[in-house]
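So the structure is just underneath, and the comments pick up after that.
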Amino acid sequence: MKAQHCPNVSTLSRMVDKSHSAGARRGSSDVTPRSYPSTGQARFRKRKIFSRHTSPPDGSKDFSQIEYDRGAYPLSSQRGWGGIVVAGDVRPEAEATRNEFALERYRYILQQIHAVNENGHRFLAIYQTLATTLVGAALALFVGYRRWGVEPDTARGGIIGLLVLTTVVAAFTVTQIVVGTLAWLDYRNEECDITDQMVEPGFRKRPKPENFFRWYETYVVAFILISIITMWSLASLLMLPKVQ
């Protein structure tokens, strides 16, 4: 009986290499590397190979897993699909990202509330400066139009024009204050929304528009309106009738 020839170890190795090469050319999904880095990296085998910019076949938003010889570990599941935190993610890192975003938004809201409050004082100062200048010019024209040789009709028109400019400045100031107050209400409501979610419901009380009598903007607007009404009343009763 003729003895069968047994291939040696090198022949078997070449056969295995050829089978691996043929499997790789046919698009096999199970590829085992033959050589590994010498830095002690764990040997691994990919179950499936996906592009980072394509979705897995099952339609999920998580990347495939890699099987290691020492265990199976998710490739990018710690930060959602492609390393981005998605909505509804309850993992610790996603929660920390949402908390950080909420904190930055809260800081921005506080800065905007402070800016709105500062703008109210700034607009009041602008109105006081311009109104004082324009009304002073109208009084100077009323007192010295005869000495300067200005016609009565021209002086009267000049006084009315200066008072109209003062009224325009007052209207602009009131508009800015009202708009700033509405913006302040929006920022305060958003601040309460954030504190309700991040701290506890009712941590900050929401502003109530019916408490407008407690806001300083209310009295600033009232002061501007009263000053304009007083200015026109005095001009109509005392100044304009005497310009003849």
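The values are calculated or read from the model by the stated rules, or taken from the named source; none is laboratory data. These numbers were taken from a predicted model, which means no experiment stands behind them. Note that we place each Cβ from the backbone using ideal geometry, even for glycine, and neighbour counts take in every protein chain shown. These accessible areas exclude ligands, DNA and RNA; they are computed on the full protein's heavy atoms, side chains included. Shrake-Rupley method; radii C 1.70, N 1.55, O 1.52, S 1.80 Å.
Rounded to the nearest 20 debye, the dipole size of segment 119-221 about its Cα centre is 480 debye, using +1 on the Cβ of Lys and Arg and -1 on the Cβ of Asp and Glu. With a Förster radius of 22 Å applied to the C-beta separation of Glu104 and Glu200, the computed FRET efficiency comes to 0.60.
On a C-alpha basis, how far is the centre of segment 166-195 from the centre of segment 208-227 in Å? Whole number, if you could? Answer, in whole Å: 12. Taking +1 at the Cβ of each Lys and Arg and -1 at the Cβ of each Asp and Glu, which of Ala170, Leu182, Tyr216 sits farthest along the dipole of segment 164-244 towards its positive end, judged by Cα position relative to the Cα centre? The Cα lying farthest towards the positive end belongs to Ala170.
Protein-only accessible surface at a 1.4 angstrom probe places the residues Thr133, Thr167 in the order Thr133, Thr167, largest first. How large is the Kirkwood hydrodynamic radius of segment 143-244, counting all unique pairs of alpha carbons, in Å? Result for segment 143-244, one decimal place: 17.2 Å. Among Trp148, Trp184, the order of accessible area from largest down is Trp148, Trp184, computed with a 1.4 Å probe on protein heavy atoms. Our coupling estimate for segment 200-216, obtained by passing each phi through the Karplus curve with A = 6.51, B = -1.76, C = 1.60 and θ = phi - 60°, is 6, x, x, 4, 10, 6, 6, x, 10, x, 5, 8, 4, 5, 9, 8, 5 Hz, Gly and Pro reported as x.
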